[in-house]
Amino acid sequence: MIRIPWLIRFCTVCIIAVMAGCTREASTPVEVEQTLQPKGTITGLINNKATQTPIAGAFFSLGFDGSVQSATSDSEGAFSIANVPVGEYKIVNGGAVFTGQYTLTVSLVNDNISQPDPLKKYRDYYFDTLTIAFTSLAPGDSFAVSDMMGSVRLQISYLNTTVIGQVVDQAMQPVAGAAVTLFDATTIPNIALAQTNTSTTGMYQFTHVDNGLSINVKAISSDGSLQGGLSHILTLPLNVTIDSLRSQVAAEQIMLAPADDVSPYVINITPANNAVVSPNNLQIVYTFSEPIKQTAYTRTDLPVGQNTMIDGILINYTDPNKAAGAIPFSMQWNPMFTQLTITPQGAIGSAHYTADLRTAFNSGNITDLAGNKLVNEPDIVGDFEVLNFTTNGAVVPAAPTLVRRNVQGLYGPLDYSGGIVGLEWNNVANAQSYNLYRSVDNGPFELLHKNIFSLQDTNNIVSLCFPSTGNNPLSSISVSYQLHSVNSDLVESPASNTITITDEVPPALISASITSGTGSAPLHWWNYTLQFSEPLIISNAEAVTNYAILNPDTVTFTITKADYLGYDAGSGRYIVQLLISTDLAIPAGYSINIKNGIADLAGNPISAVANTITLSVPPPPLLLSPGNGAVAVGLPAILSWNASNGATSYRLQVSSNPGFTGIVFDSNSLPNPINSTSYAVSSAYLTAGLTYYWRVSAANNAGSNGYSAFRTFQP
């Protein structure tokens, strides 16, 4: 047994090995800060496990890094191997930890050659892989790694034990010719030491086995169909002296069982699901992957009610006249018990049939010879599912062409919350009705609406996101539709084209507001709350590069942070909060713009017509032309001003006095607001030679910030 008791100046050397009678131990470093390559010395002692006498002349080889170093035990059984790289050096919590892996081989070939007594020989070779760990005992002294040592103590025993036993089958009959293997059970995994074959009476014998060894014995029949082993590990007696009686050990009988550990399954069904077949000599054939064990349950010669598998099988039919019901049938296994043939009685044409074996197959009573239960084959429809087929008669109709209906106010693009989908299709010759199938998020198509006699249908999609419940979904999903024509024999056509519905509505910025502000010159901080119409991709919503400030005058804006807060119950919207700093107090006429990087869960980018909101009123414009006091400007009088940041419209007033109590023209009386930066006032409002006063205000969705200073002119 290998021990690690060696304490040296700064480190503990731990050697973990598995050999005859050895145990394993391990420790795991967790943090790496730096790496070195120190070396150490490994010393060891080898002796006889029973007599405790040293073994001289044992040849030790230690492998590491692709090289080998060796040593020979002396008369005291001791050996030493120096300059062994101790492995990777790591600093863990202020202390030093070393690990390394080595291959140790011990050769006793020369000792056995020189030993004339066959009862005092050892194995020629002992070997295993060692994991060596060195741990510093001086925390903080990371470089105290020289002169390290570790010790190994190896105990082995003479090969003077004989193991005998017998191999039988489940009927307790001897198994001849079985391959029997003896394993050293003290190693992980077990090492095979010897192999033999059983006699005609099922007996086996192993000679020259280590006394005191823990062993396991396993056997397999010559054809590989049966296998088994001892029910527990067997420890051989440890002989202090040579004792022929104690040197022979009889093991318990090894009973072999079927080696099959693979469950049986259905590999083929005739007819296939949804097939169209002739009613003449109709048979349903199930083919299994291996023979099915015949038991009282699998009998096919008994009537219903005798607790056989026939009680768990149901054959139904529906004819064009809508008559329906269960029909009788008979069953028969083939000689190899790999096929079960079901013969319905009185099969007719132009009828729809179902074969339902789910109760029988799910009973757990159908197994292979090894007792493994029948399992479902996912690629076969009709074993653990209902099998559908139709007997021919009428012409099979063609596949319809499916299109999506778009009706204003009824059916249109859907967002993440789903809605009503409208579908329509062409009239198909020989079709009596239509069956609509639906698939959710690329799952299997399942029957949604059966026997539709019109050429259109609707479906209400509860949600186009996952999970569908709760206000903060994680992902987008899709819903797909396929249509089948159905003839008078209830035979379905091939599937139509596929219509797939996803979230098609881009998210919109609903509102933006300043919810709070802090700080003062030269730096002001503002919290901006943005409300969106749909849940967003979080990583995109929290990227500050996806937001911009438009028309900021001379103020410097910095968006420092974006937090996606998710659903807000009060507003019913999805919230992003921005933290924005400015070098001046809040300016006039600026807007928040959302870039295309902001997208909903389906990947739709922000709506181009709903991605900007003005957060403050625009400043009053500056009047440009005509100059103040200008005369003879002509008629109509063209008045112009500069663009005001964030303005969406302008209001122009012309008065006969500076108090603007004698208004002669006000653009608010026009059918449409002024959205340009100039306007021609006609002679209908002005008289040449008179003095007029004019001013302009700018407005947006946030309101207006008052009028400009007035000017005068004469037409």
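Does PRO303 fit the bill of being surrounded by 15 or more Cβ atoms within 10 Å (Cβ to Cβ), in a loop (DSSP other than H, G, I, E, B), on the phi < 0 side of the Ramachandran plot and more than 41 Å from the chain's Cα centre (by Cα)? So PRO303 does not fit the description; no. If you check VAL505, VAL486, VAL491 for being touching a residue at least 40 places away in the same chain (Cβ under 8 Å), touching an Asp or Glu at 6+ places or on another chain (Cβ under 6 Å) and closer than 21 Å to VAL381 by Cβ, only one passes: VAL486. So, in region 676-708, how many residues would count as being within 30 Å of THR612 (Cβ to Cβ) and either assigned by TED's automatic domain parsing to the domain that holds SER591 or among the small types (Gly, Ala, Ser) (or both)? Of the residues in that region, 10 qualify. Considering (1) out of contact with any Leu (no Cβ under 7 Å at 6 or more places or on another chain); (2) farther than 25 Å from ILE113 by Cα; (3) surrounded by fewer than 21 Cβ atoms within 10 Å (Cβ to Cβ), the lone condition that GLN205 does not fulfil carries the number (2). Might you check whether a residue that is of a type outside the set (S, T, N, Q), in a strand (DSSP E or B), on the phi < 0 side of the Ramachandran plot and more than 30 Å from the chain's Cα centre (by Cα) occurs anywhere in region 371-386? No; the residues of region 371-386 include none that is of a type outside the set (S, T, N, Q), in a strand (DSSP E or B), on the phi < 0 side of the Ramachandran plot and more than 30 Å from the chain's Cα centre (by Cα).
Would you check if PRO400 is crowded, with 16+ Cβ neighbours inside 10 Å and closer than 30 Å to ASN459 by Cα?
yes
Entry remark, region 675-714: residues being assigned to a loop (DSSP other than H, G, I, E, B), free of Cβ contacts under 8 Å to residues at least 40 places away in the same chain and of a type outside the set (Val, Ile, Thr) number 6 in total. For SER496, indicate whether it is modelled with pLDDT of 95 or more, surrounded by 13 or more Cβ atoms within 10 Å (Cβ to Cβ) and either small (Gly, Ala, Ser) or on the phi > 0 side of the Ramachandran plot (or both). When the stated conditions are applied, SER496 passes them. For region 387-434, the candidate set comprises residues that are of a type in the set (Ser, Thr, Tyr) and part of a strand (DSSP E or B); within that set, the residue that is modelled with the highest pLDDT is TYR434.
Considering region 534-553, the residues that are in contact with a Leu (Cβ under 8 Å, 6 or more places away or on another chain) and part of a loop (DSSP other than H, G, I, E, B) include one that is nearest to SER511 (Cα to Cα), namely GLU534.
Of these, ASN334, ASN365, which one is under 24 Å from ASP261 (Cα atoms), surrounded by fewer than 19 Cβ atoms within 10 Å (Cβ to Cβ), in contact with a Phe, Trp or Tyr (Cβ under 9 Å, 6 or more places away or on another chain) and in the same structural domain as ASN273 (by TED's automatic domain parsing)?
Working: ASN334 fails: in contact with a Phe, Trp or Tyr (Cβ under 9 Å, 6 or more places away or on another chain).
Of ASN334, ASN365, the one residue that is under 24 Å from ASP261 (Cα atoms), surrounded by fewer than 19 Cβ atoms within 10 Å (Cβ to Cβ), in contact with a Phe, Trp or Tyr (Cβ under 9 Å, 6 or more places away or on another chain) and in the same structural domain as ASN273 (by TED's automatic domain parsing) is ASN365.
The values are calculated or read from the model by the stated rules, or taken from the named source; none is laboratory data. As the structure is a prediction and not an experimental result, all values here were calculated from the model. Heads up, the Cβs are rebuilt from the backbone with ideal geometry, glycines too, and the neighbour counts pull from every protein chain shown.
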